[in-house]
Amino acid sequence: MRAFAGAGGVLVLSLFLGAAACGEGRAQPAEDEAADAATSTFPMGELAPPPAPCEGLGCRRMHCAPGKETTVTGRVLAPNGVTPVPGAVVYVPIAEVPPLAEGASCGCDAPPAVTATKTAADGSFSLSGVPIGAQIPLVMQLGKWRRVITLPAISACEDRALDEATTRLPRNRSEGDLPRIALTTGACDALGCLLPKLGIDPDEVGVAGDGESKRVHTFRGAIDKDDVPSGATSAQKLWSDARALGRYDMVLLACECGEQRERKGERANEAMAEYLDSGGRILTTDYMFTWYRDMRSPGLDRVVSVHGGAGEGGNPVRVSSSGPDGSVFSDWLRAVVPAPARENHARLSAVFDNLASVDPTKARVLASSASPREAAKDVPRIFSLDFPVGAARPNVCGRAVHLDAHVNDSKTVDVVGRAFPLSCSPGLDEPHAALAYLFFHLASCDMPFPPLDAAPTEPIR
């Protein structure tokens, strides 16, 4: 059954009937279906338009008997082949997928698709209505991270389980598309080691001077002068220039051990607001709360309230289990951290008490914990906020995710130093597991696929 918008906004329905519905046990040709659809009426009496002619791979879909589907199943994993990716889009395009937009951009354009679905918290997916035959493309995509594979020959009305090695996201550009990422170092929080832990190829990591030859560029934080990758330029040059920021899909801003307000003046706060409003994405920790207090973004001060001070907050943090983002975060941690310290909680390296409040009607509060300032009251520790502030879909462009915490404040393990990324150890501990989910959440975006109006064209099997 498919829905069409009729004249005057009335919803009219078109029924695509197979042999089982006819009761004769025979296949119903597509042209008969079109005739049936053209004469079926909604109770209001409007004629439903016939289905559009099929296009590309849409012409290779197969009717199946009740209870049967042409399906592929699998799991989308990070490039490391281990970590599940929640919320990734899996689809069969009608034709060749177009190139992705480079840099900050609003939303993710979705090409016409034969069939599409999203992965669950454990990365699993089941995609039905897959075209039959050979040379069927399958796309796994999370924002600007995209891999296209060719499926083995697909038989009608059968389920095909895919090898997980084929459905992981790409490690490098020889395997697919990667987002452009800017990383600023922070002497108090080594955020950058998440990237090699997730399996991004070390050969894709460099500095701004490497230009297009690298997808990850590292910039020097406030007090990191010597122990940084060779050639790393100042983060201040990056965030004080909206055009420089706009070249990146995502920016990871690690805690610099203090507010460092002299490095984030009016020009920087205006540039960061422009970047977010135009589709940029940032992930920040601890003292990087200054962006939410000082950015020139209309309405931001009514959503996020910061009192600063960097006192300690309760650790572990309680992960929200309400709403789609919170429940997926909770389920994902359960799948990735086999023995958490507490159910629906995540232990971070350190948790702070800089945030006073976050408006849950305008932002997603993803985790909270007890505050020494507020007896018997949990306060936000992790939040996600879309930009422009207060915009409704489809006008949402950018996203910011903040942790009032450190993920890795060790000075000896997982250091973003001269040898980065080879200075990072493999594997995700509990703090990095929480960070990985937030990174995936930051990277994701809605993909509103155009509807496929044509009915399956092959007979029932």
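The values are calculated or read from the model by the stated rules, or taken from the named source; none is laboratory data. Just so it is clear, the model here is predicted, and its values are computed rather than measured. As a convention, Cβ positions derive from the backbone with ideal geometry for all residues, glycine included, and neighbour counts pool all protein chains shown.
Just to be sure before I move on: is Val97 at pLDDT 80 or above, among the hydrophobic types (A, V, I, L, M, F, W, C) and within 30 Å of Pro202 (Cβ to Cβ) in the structure I sent?
Here the answer is yes, as Val97 does meet what is asked.
So is Val413 closer than 25 Å to Arg220 by Cα, among the β-branched types (Val, Ile, Thr) and buried (at least 22 other Cβ atoms within 10 Å of the Cβ) or not?
For Val413, the condition - closer than 25 Å to Arg220 by Cα, among the β-branched types (Val, Ile, Thr) and buried (at least 22 other Cβ atoms within 10 Å of the Cβ) - is not met.
Just to be sure I understand the filter: pairs with C-beta atoms under 7 Å, separated by 6 or more residues or on different chains, first member in region 283-294 and without any contact (Cβ under 8 Å) to a residue 60 or more places away in the chain, second member among the aliphatic types (A, V, I, L, M) and surrounded by fewer than 24 Cβ atoms within 10 Å (Cβ to Cβ). Which pairs pass?
Arg293/Val306
So, in region 335-356, exactly how many residues are touching a Ser or Thr at 6+ places or on another chain (Cβ under 8 Å) and either over 15 Å from Val407 (Cβ atoms) or in a helix (DSSP H, G or I) (or both)?
Of the residues in that region, 5 qualify.
Just checking, how many residues over region 107-134 are part of a loop (DSSP other than H, G, I, E, B) and over 17 Å from Thr167 (Cβ atoms)?
The number of residues fulfilling the criteria is 10.
Looking at Ser327, Ser321 in this structure, which one is out of contact with any Cys (no Cβ under 9 Å at 6 or more places or on another chain) and not in a loop (DSSP other than H, G, I, E, B)?
Ser327
Filter region 241-256 down to residues that are in contact with a strand residue (DSSP E or B) (Cβ under 9 Å, 6 or more places away or on another chain) and not hydrophobic (A, V, I, L, M, F, W, C) and give me whichever is farthest from Thr285 (Cα to Cα).
Looking at residues that are in contact with a strand residue (DSSP E or B) (Cβ under 9 Å, 6 or more places away or on another chain) and not hydrophobic (A, V, I, L, M, F, W, C), I get Arg247.
Take Ala161 and tell me if it is surrounded by fewer than 17 Cβ atoms within 10 Å (Cβ to Cβ) and out of contact with any strand residue (DSSP E or B) (no Cβ under 8 Å at 6 or more places or on another chain).
no
Output the residues belonging to region 365-399 that are acidic (Asp, Glu) and over 19 Å from Leu442 (Cβ atoms).
Result: Glu374, Asp378.
Condition first: surrounded by fewer than 17 Cβ atoms within 10 Å (Cβ to Cβ) and either touching a Pro at 6+ places or on another chain (Cβ under 7 Å) or assigned to a strand (DSSP E or B) (or both). Now tell me which residues in region 357-370 satisfy that.
Ser357 - this is the single residue of region 357-370 that is surrounded by fewer than 17 Cβ atoms within 10 Å (Cβ to Cβ) and either touching a Pro at 6+ places or on another chain (Cβ under 7 Å) or assigned to a strand (DSSP E or B) (or both).
Filter region 79-101 for residues that are over 16 Å from the mean Cα position of the chain (by Cα) and within 23 Å of Pro196 (Cβ to Cβ); which is surrounded by the most Cβ atoms within 10 Å (Cβ to Cβ)?
My answer is Asn80.
Among the residues of region 371-383 satisfying the criterion of being of a type outside the set (Val, Ile, Thr) and crowded, with 19+ Cβ neighbours inside 10 Å, which is modelled with the lowest pLDDT?
Ser371
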